[in-house]
Amino acid sequence: MIDKFNRKINYLRVSVTDRCNLRCVYCMPEQGIVHKQPADILSFEQIYKIVKAAIGLGIEKVRITGGEPLVRKDLPLLIRKLRVIDGLKEICLTTNGIYLSEYAADLKSAGLDRINVSLDSLNSSRFQEITRGGSLDAVLKGIDTALAEGLSALKINVVLLKDFNSDEVLDFASLTKTKPLQVRFIEYMPTATNYFSYDKSFFSAQTAKTICSSLGELAPVDSRKIEAARIFRIKGFWGTVGFISPISQPFCASCNKLRLTSDGRLRVCLHSAKTVNLREAVEVSEEKTASLIREAVFLKPHSHNLREKDNLDEFGFEKDNFSMCQIGG
Ligand code: SAM
Ligand code: SF4
């Protein structure tokens, strides 16, 4: 699928739930969000039909996300179901890692290719603070179990927050010395959940890169894929580090993504309120679903407007206030 701006759209992110076992301060309000009714959440069968239609149109990579996807207890069944769709080249999962040690073996045997674990601090009391009570040990155990199960090429996503974890950049980068991980530093994006003052907390990926270079020369890694991250290997290290700059260096010109929300709406840009509802179509036919997916691709905007303050509401967001947990990042 090629959109109006000549971008090839081949990546679908699928949120399987709007629920989560953590309450990360920048993602979810303390009291949680108003959840969708269980009847409104797509069944695995409905997700399968939508993904199949999307793959028929040229989607090659699928990422399962949430909320926290592993709160859907039978998630490996979904992975197994999607894995056999002809044309699907890669299936990945983004998780907070809390339940990962329990699920890693089943996920691997179901056919999962890769895992991204979100982890914003290597200090347990800070980790508890940012997740409102999560256990760092559980996440570290999950990462080690996933690596032991052969889910290598595991990525750790760190949201950069000045005065919160910016002093941990070297600790995170050092993890790549002895483990085959990719640690990716991601710029904090404004959403409706403005726990950290945006202006005071923004910390650029470029600054993180400069800090990492004190560990050794950063050699670019050519992944040959369209990646939001700029990836490097620190000289002599096993793993790699990546830098994702949605704010300071937006990558909209090469954006290849669509996002399916847990209630069946296709969101055309993370930062745009435009959605196309696939719920009814999926019960009608694959053709109807495919035609709505094409419509969504046509609606994809040229770029997000996060830096154009005039277009933003008081939270710095384009009219549609959302929590990241409702879309899946
Ligand atoms: N629960 C899973 C997890 O935490 O990995 C998947 C869903 S979570 C919403 C997906 C990603 O969005 C996480 O890596 C999280 O750190 C990121 N995220 C949430 N709010 C963000 C924000 N305001 N700016 C940048 N990334 C954010
Ligand atoms: Fe849950 Fe992930 Fe949001 Fe944290 S970032 S509250 S783990 S959905």
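The values are calculated or read from the model by the stated rules, or taken from the named source; none is laboratory data. If you're wondering where the values come from, they're calculated on a predicted model, not measured in any experiment. Neighbour counts are summed over all protein chains in view; Cβ atoms, including those assigned to glycine, are modelled from backbone coordinates with ideal geometry. In case anyone asks, the SASA skips ligands and DNA or RNA and just uses the protein heavy atoms, side chains included. Shrake-Rupley method; radii C 1.70, N 1.55, O 1.52, S 1.80 Å.
Determine the gain in length on full extension of the stretch Lys177-Lys73; use 0.36 nm per residue of separation and subtract their C-alpha separation, reporting nm with one decimal.
Extending this stretch completely gives an extra 34.1 nm.
With a 1.4 Å probe and every protein chain left in place, work out the accessible area per residue of the chain in Å², rounded to a whole number.
43 Å²
What's the carbon and sulfur percent of the stretch 191-302's accessible surface, probe 1.4 angstrom, rounded to a whole number?
Accessible surface attributable to carbon and sulfur in the stretch 191-302 totals 54 percent.
Around Ser43, with a cut-off of 12 angstrom between Cβ atoms, what is the net charge of the other residues, counting Lys and Arg +1 and Asp and Glu -1?
-1
Towards the positive end of the charge dipole of the stretch 52-207, with charges on Cβ (+1 Lys, Arg; -1 Asp, Glu), say which of Ile130, Leu75, Leu161 has the farthest Cα.
Toward the positive end, the furthest listed residue is Leu75.
What dipole magnitude, in Debye to the nearest 20, does the stretch 11-326 give about its Cα centre under +1 on Lys/Arg Cβ and -1 on Asp/Glu Cβ?
700 debye
Which are the unpartnered cysteines of the chain, meaning those with no other cysteine Cβ under 4.7 Å from their Cβ?
Within the chain, the cysteines lacking a partner Cβ under 4.7 Å are Cys20, Cys92, Cys212, Cys252, Cys255, Cys269, Cys325.
For Leu218, what charge total do you get from the other residues with a beta carbon under 13 Å from its beta carbon, if Lys and Arg give +1 and Asp and Glu give -1?
Every neighbour counted, the sum reads +3.
Take each of the peptides 61-70, 162-171, average the number of other beta-carbon atoms within 10 Å over its residues, and list them starting from the highest.
Listed from highest to lowest mean packing, they are 61-70, 162-171.
What are the aspartates and glutamates whose alpha-carbon lies under 12 Å from the alpha-carbon of Lys89, with same-chain residues fewer than 8 places away excluded?
Excluding near neighbours in sequence, the set is Glu60, Asp113.
Counting Lys +1, Arg +1, Asp -1, Glu -1, what net charge surrounds Ser121 among other residues with beta carbon under 12 Å of its beta carbon?
That works out to -4.
Counting DSSP beta bridges with both partners in the stretch 11-326, what percentage is antiparallel, nearest 5?
25 percent
Give the long-range amide H neighbours of Arg265: residues separated by 5 or more places, or on another chain, with amide H under 5 Å away, using H modelled in the peptide plane at 1.01 Å from N.
Amide H neighbours of Arg265: Leu278.
Taking all protein chains as present, what is the carbon and sulfur share of the accessible area of the stretch 11-164, in % to the nearest whole number, probe 1.4 Å?
That share works out to 48 percent.
Which of rounded, prolate or oblate describes the chain when judged by the alpha-carbon gyration tensor and an a/c cut-off of 1.5?
Verdict is rounded for the chain.
Give me the percent of DSSP beta bridges within the stretch 179-300 that run antiparallel, rounded to the nearest 5.
70 percent
Pick out, from Gln46, Val34, Tyr11, the residue whose Cα sits farthest towards the positive end of the charge dipole of the stretch 1-51, with +1 on the Cβ of Lys and Arg and -1 on the Cβ of Asp and Glu.
So the residue furthest toward the plus end is Tyr11.
Using amide H atoms built 1.01 Å from N in the peptide plane, name the residues 5+ places from Thr240, or on other chains, whose amide H lies under 5 Å from its own.
So Thr240 has HN proximity to Leu181, Gln182, Val183.
Which of the peptides 109-115, 297-303, 261-267 is most tightly packed, and how do the rest follow, judged by the mean count of other Cβ atoms within 10 Å per residue?
Top of the packing list down: 261-267, 109-115, 297-303.
Amide H to amide H under 5 Å from Asn157: which residues, 5+ apart in sequence or cross-chain, H placed 1.01 Å off N in plane?
Val117, Ser118, Leu119, Arg184
Of the cross-linked pairs Lys49/Lys141; Lys52/Lys288; Lys81/Lys300, which ones have a Cα-Cα span greater than 23 Å in the structure shown?
Long pairs (Cα-Cα over 23 Å): Lys49/Lys141; Lys81/Lys300.
State the Cα centre-to-centre distance between the stretch 156-207 and the stretch 53-90 in whole Å.
First find each Cα centre; the distance between them is then 27 Å.
Residue by residue through the stretch 229-240, what is 3J(HN,Hα) from phi via Karplus (6.51 cos²θ - 1.76 cosθ + 1.60, θ = phi - 60°)? Round to whole Hz and write x for glycine and proline.
Whole-Hz 3J(HN,Hα) from phi for the stretch 229-240: 8, 8, 10, 9, 10, 6, 3, x, 8, 7, x, 9.
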